[in-house]
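Enquirer: The structure is given below, and queries will be raised subsequently.
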Amino acid sequence: MESKYVVTEIFRKVFGINIPFYITEDLRSKAPNNISFSGIETLPNYTDSRDMSWMGTPVLFNATFQGGKYLEYDMKGELVEKALQTFSLPPATMFQFRRAKNITRTNVLGSNGTVKEIFGFDDWVIDVRGLCLDEPNRSAQSQLKELLKFESLADSIEIVGSLFTDRNINRVCLQDWNDNIPQATPGVVAFQFQLISDEAIEIIYNP
């Protein structure tokens, strides 16, 4: 039996996110027949997405956990290396980015406003919410198992994706994991977690 998913409806049920559809022409019984689209210019394709989902739709903002050797705790509580395969996050994944600045504000007598001293930037915090869906070549449960392998790491993860590259984010730490199976939606696993940007800082001593 072919599985069909109304992703917008699942997002609304699980995360409370409404993704509206807009209809440009009102649903009148007597629509005008003399509509002409001549002279209308279309915008260029700014997305230029080369990644396609199994349904043939473009994946505009994808993200991939790079494979390699990472650290995790074994049953004895000792750090050991674990080899993981590259994993692309499911196409139905949403990202929300935020970052704070470390600013100290000082009041000045006889002046309007304050003096701002910027000491640096905080880490990027990325809220991730998505759906694992049964696909022809992989099930929702198999995708969940791959995600849990990265969740169990005691290490930062190398990540690739246009949203992360634009913000100079190369590695992230995963925290605050949560997953559940929405009611009456077979073949669907909902997940959400946070990613914290991580940057290797090398201290160079001049002789």
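Enquirer: Out of the stretch 139-161, which residues are of a type in the set (S, T, N, Q) and either surrounded by 15 or more Cβ atoms within 10 Å (Cβ to Cβ) or part of a loop (DSSP other than H, G, I, E, B) (or both)?
Expert: S139, Q143, S152, S156
Enquirer: Right, next: Answer yes or no as to whether W124 is in contact (Cβ under 8 Å) with a residue 40 or more places away in the chain and within 13 Å of the chain's Cα centre (by Cα).
Expert: Answer is yes for this residue.
Enquirer: Also, quick follow-up: Can you tell me how many residues in the stretch 79-108 are of a type in the set (D, E, K, R), over 24 Å from F121 (Cβ atoms) and free of Cβ contacts under 8 Å to residues at least 40 places away in the same chain?
Expert: 1
Enquirer: Would you point out which residue out of L43, L131 is part of a loop (DSSP other than H, G, I, E, B) and not aromatic (F, W, Y)?
Expert: That would be L43, the only listed residue that is part of a loop (DSSP other than H, G, I, E, B) and not aromatic (F, W, Y).
Enquirer: I need the full set of residues from the stretch 83-97 which are surrounded by fewer than 17 Cβ atoms within 10 Å (Cβ to Cβ) and over 12 Å from Q192 (Cα atoms), in order please.
Expert: A83, Q85, T86, S88, F97
Enquirer: Among (1) surrounded by fewer than 16 Cβ atoms within 10 Å (Cβ to Cβ); (2) modelled with pLDDT of 95 or more, there is one condition P136 misses while meeting the rest; what is its number?
Expert: (2)
Enquirer: Under the condition of being among the hydroxyl-bearing types (S, T, Y) and in contact with a strand residue (DSSP E or B) (Cβ under 6 Å, 6 or more places away or on another chain), which residue from the stretch 98-133 is surrounded by the fewest Cβ atoms within 10 Å (Cβ to Cβ)?
Expert: Residue satisfying both the conditions and the ranking: T106.
Enquirer: Checking the structure you have, find out if any residue of the stretch 147-156 is more than 19 Å from G68 (Cβ to Cβ) and of a type in the set (A, V, I, L, M).
Expert: Checking the stretch 147-156: not a single residue is more than 19 Å from G68 (Cβ to Cβ) and of a type in the set (A, V, I, L, M).
The values are calculated or read from the model by the stated rules, or taken from the named source; none is laboratory data. Source: prediction; values computed, not measured. Ideal geometry is used to build each Cβ from the backbone, glycine not excepted, and the neighbour counts take in all protein chains shown.
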